[in-house]
Amino acid sequence: MFGSSRQRRQSRILWLDLGDLGDLVNPGGPHEQWQDHGLGLLRTILHQNGVMTDLASTRAVTSWDQLAPQMRDYDMLIMNVRSYTFPPARKAAELFKQINPNGLVITGGMHATVARDEMEAIAAIDKVCVGPGEKTIVDLVRDPGAFPRVVMAEGAKSMAEWPMIDRELWPKPAGGWRMQRRWKWRWPLEPECGWGPGPVATILTSRVCPWQCVFCNENSYIPNMGRKPVDAVIDELNYLDRKYGVGSVVIHDSMFFQNPTWLKEWIEKYPRQTKRWTYWAAGRADTVRQWPDLFEALVKETNWRTISIGFESGSDRILKLLNKECSEEDNYFTINLVNRIGDELVAKGEKPPVFWSNIMVGIPGETHEDAFKTMRMLKQMKRVLPSISFYAPYPGSALGYQLIAEGKSLMSKDNYHRFPDDEKVKGVDYQFYRDLLKGKYDAEINRGLAGAAGADLYQGVLTKA
Ligand code: B12
Ligand code: SF4
């Protein structure tokens, strides 16, 4: 199962999995090892339609020289390009063309959808597919000549139409037994990352989020699509458990806590028809406040134990600026509710839920006091895994497009930084934020908490995500 991720050649078509060099050889952390559902879905569809592909991965090599021989003698290269994988995608396309001058490079993915001009500017890329590819991929790969350079694709109406991903089409870890031992990775399930026991099954139940936060607004580029039926999600998890043994689940949806009818059916069926694995899933503070009973039932009955909330900021001024449509009050309502549910479960001897708390700092226009309020908010969470990042102006988002147009983005097509300590926007005082995260302003932050319950609960926990 382990060893080289290089597979025997079966095809003249190569799918290249993208990520930083070495991420599957000697990974810095668990998230780098997570698998790409776009690749998994589209390769499954291709193979089910008799279009076989081979696989290589930039993550499974430590240099481009190692990758080059794996690209030899292919007629076609296919890639799923996101903004953060655009630099390796460009390099791979150019390398592929050097090695196979008559070969074709076919691309799609988020970056192709939100920054197609950057993709079109690369001569080595022959086709750029904008939008979801599940209905287009087979025809495009079979007969690329029948399509224009930029292909406008339409996706399925509902995720019910998606086949179950054949996870054995995902790349294997390439770091040998040391990596296996360190990460306890039971491929093709994924390694644990502190959210629940391994092996981890990552799944998607929904693709769209109806909100329009200006740093994200996925609904401007992910077309509306029906949610995967509860029964199909449960069938897939039970199948994975029978075949590989599931330890816990990560629901990769951008927004899991939406659509109460679906969630009620999930509460009804998940605990009864599965082993009730603990899971990670995402919600919003305003909807928790809108449907607190539903939320509490989900946490308690379905074992939702890592609750990802996009709090982003503890300041109303910044929340408004981000069009988050959540208020400080919504955030504190959710924090108090989860603290209370956690205490109750602990009292019963059960595992309490933990926040995966998404926080952004370094937002243009943020004052020191706004950032202190955010830190105070974090300190009110009794059980928390902080996920703190510097705001990043990704193309596709309203604020990202605006800052790029104003020349203020420091993320460039050569280097779409994605590490939390990278500087991303001109004019932001990053030294202040580095000091803040190191605890330099703790006295001031704690002063603002005087008299508030749990003032020191958070002390010492804060780390950069
Ligand atoms: C799960 C997820 C993660 C997971 C797992 C990532 C992984 N390995 O896939 C984790 C938590 C690790 C993660 C991390 C990050 N993520 Co993320 N993530 C997602 C999320 C929620 C789902 C991705 C997914 O599985 N989608 C479902 C699959 C089926 O869709 P897809 O891959 O896009 O493929 C479809 C189409 O694009 C197209 N397609 C794809 N390839 C091809 C190829 C061809 C030839 C064709 C024709 C079509 C085609 O067809 C597919 C089927 O419809 C998306 C948001 C979303 N709703 O999609 C964000 C998203 C992809 N992530 C994003 C970002 C910014 C990040 C981070 C940089 C965040 C951060 N600041 O740290 C990190 C970087 C991680 C890294 N490895 O470097 C952005 C990317 C923005 C952009 N412009 O590209 C998104 C869109 C969220 C957002 N709105 O900000 N992420
Ligand atoms: S940040 Fe979260 S709530 Fe806002 S649009 Fe993106 S996925 Fe939806």
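For the range 203-262, give me each residue that is within 11 Å of ligand 1 (Cβ to nearest atom) and basic (Lys, Arg).
Within the range 203-262, ARG207 is the sole residue that qualifies.
Among the candidates ALA156, ALA146, ALA160, which residue alone is in contact with a Leu (Cβ under 9 Å, 6 or more places away or on another chain), among the aliphatic types (A, V, I, L, M) and modelled with pLDDT of 95 or more?
Values: ALA156 fails: in contact with a Leu (Cβ under 9 Å, 6 or more places away or on another chain); ALA160 fails: in contact with a Leu (Cβ under 9 Å, 6 or more places away or on another chain).
None of the other options fit; the residue is ALA146.
Only one of these is among the aromatic types (Phe, Trp, Tyr), within 16 Å of ligand 2 (Cβ to nearest atom) and crowded, with 20+ Cβ neighbours inside 10 Å: TRP280, TRP291, TRP266. Name it.
Values: TRP291 fails: crowded, with 20+ Cβ neighbours inside 10 Å; TRP266 fails: within 16 Å of ligand 2 (Cβ to nearest atom).
Selected residue: TRP280, the only one of TRP280, TRP291, TRP266 that is among the aromatic types (Phe, Trp, Tyr), within 16 Å of ligand 2 (Cβ to nearest atom) and crowded, with 20+ Cβ neighbours inside 10 Å.
Could you tell me whether THR302 is of a type in the set (Ser, Thr, Tyr) and in contact with a strand residue (DSSP E or B) (Cβ under 6 Å, 6 or more places away or on another chain)? Break it down into steps so the answer makes sense when it comes.
Numbers: of a type in the set (Ser, Thr, Tyr): yes; in contact with a strand residue (DSSP E or B) (Cβ under 6 Å, 6 or more places away or on another chain): no.
Considered against the rule, which asks whether it is of a type in the set (Ser, Thr, Tyr) and in contact with a strand residue (DSSP E or B) (Cβ under 6 Å, 6 or more places away or on another chain), THR302 comes out as no.
Being surrounded by fewer than 20 Cβ atoms within 10 Å (Cβ to Cβ) and of a type in the set (A, V, I, L, M, F, W, C) is the filter; apply it to the range 105-139 and report the residue that is farthest from ligand 2 (Cβ to nearest atom).
Out of the qualifying residues, it is ALA123.
Among residues belonging to the range 327-362 that are assigned to a strand (DSSP E or B), touching a helix residue (DSSP H, G or I) at 6+ places or on another chain (Cβ under 7 Å) and among the hydrophobic types (A, V, I, L, M, F, W, C), point out the one that is farthest from GLY194 (Cα to Cα). Steps first, answer last, please.
Step one: filter the range 327-362 for residues assigned to a strand (DSSP E or B), giving 354-361.
In the following step, the residues that additionally are touching a helix residue (DSSP H, G or I) at 6+ places or on another chain (Cβ under 7 Å) were identified as 355, 357, 359, 361.
Among the residues that remain, those that are also among the hydrophobic types (A, V, I, L, M, F, W, C) are: 355, 359, 361.
Details: PHE355: 12, ILE359: 18, VAL361: 23 Å.
Out of the qualifying residues, it is VAL361.
Which pairs do you get when a residue that is closer than 9 Å to ILE267 by Cα and in the same structural domain as VAL354 (by TED's automatic domain parsing), found in the range 290-303, comes within reach of a residue that is of a type in the set (Ser, Thr, Tyr) and surrounded by 15 or more Cβ atoms within 10 Å (Cβ to Cβ), reach meaning Cβ atoms under 7 angstrom, with the pair 6+ apart or on two chains?
Matching pairs, first to second residue: THR302/TYR270.
I'd like the residue in the range 2-46 that is at pLDDT 95 or above and among the hydroxyl-bearing types (Ser, Thr, Tyr) and, out of all such residues, is farthest from VAL130 (Cα to Cα).
Ranking the candidates gives SER11 first.
Across the range 197-245, what is the total count of residues that are within 16 Å of ligand 2 (Cβ to nearest atom), surrounded by fewer than 16 Cβ atoms within 10 Å (Cβ to Cβ) and hydroxyl-bearing (Ser, Thr, Tyr)?
Result for the range 197-245: 2.
Give me the residue from the range 28-50 that is more than 10 Å from ligand 1 (Cβ to nearest atom) and in a loop (DSSP other than H, G, I, E, B) and, out of that set, surrounded by the most Cβ atoms within 10 Å (Cβ to Cβ).
Checking each candidate, the answer is ASN49.
Can we say ILE267 is within 16 Å of ligand 1 (Cβ to nearest atom), closer than 27 Å to GLU325 by Cα and either touching a residue at least 12 places away in the same chain (Cβ under 8 Å) or not assigned by TED's automatic domain parsing to the domain that holds GLU329 (or both)? Lay out the reasoning, then the answer.
On the way: within 16 Å of ligand 1 (Cβ to nearest atom): no; closer than 27 Å to GLU325 by Cα: yes; either touching a residue at least 12 places away in the same chain (Cβ under 8 Å) or not assigned by TED's automatic domain parsing to the domain that holds GLU329 (or both): yes.
Considered against the rule, which asks whether it is within 16 Å of ligand 1 (Cβ to nearest atom), closer than 27 Å to GLU325 by Cα and either touching a residue at least 12 places away in the same chain (Cβ under 8 Å) or not assigned by TED's automatic domain parsing to the domain that holds GLU329 (or both), ILE267 comes out as no.
Please give the number of the condition THR53 fails out of (1) within 11 Å of ligand 1 (Cβ to nearest atom); (2) on the phi > 0 side of the Ramachandran plot.
So THR53 meets the others, but not (2).
The values are calculated or read from the model by the stated rules, or taken from the named source; none is laboratory data. Note that the structure is a prediction, hence the values are computed from the model and not measured. Because the Cβ atoms are built from the backbone with ideal geometry, glycine has one as well, and the counts that use them run over all protein chains shown.
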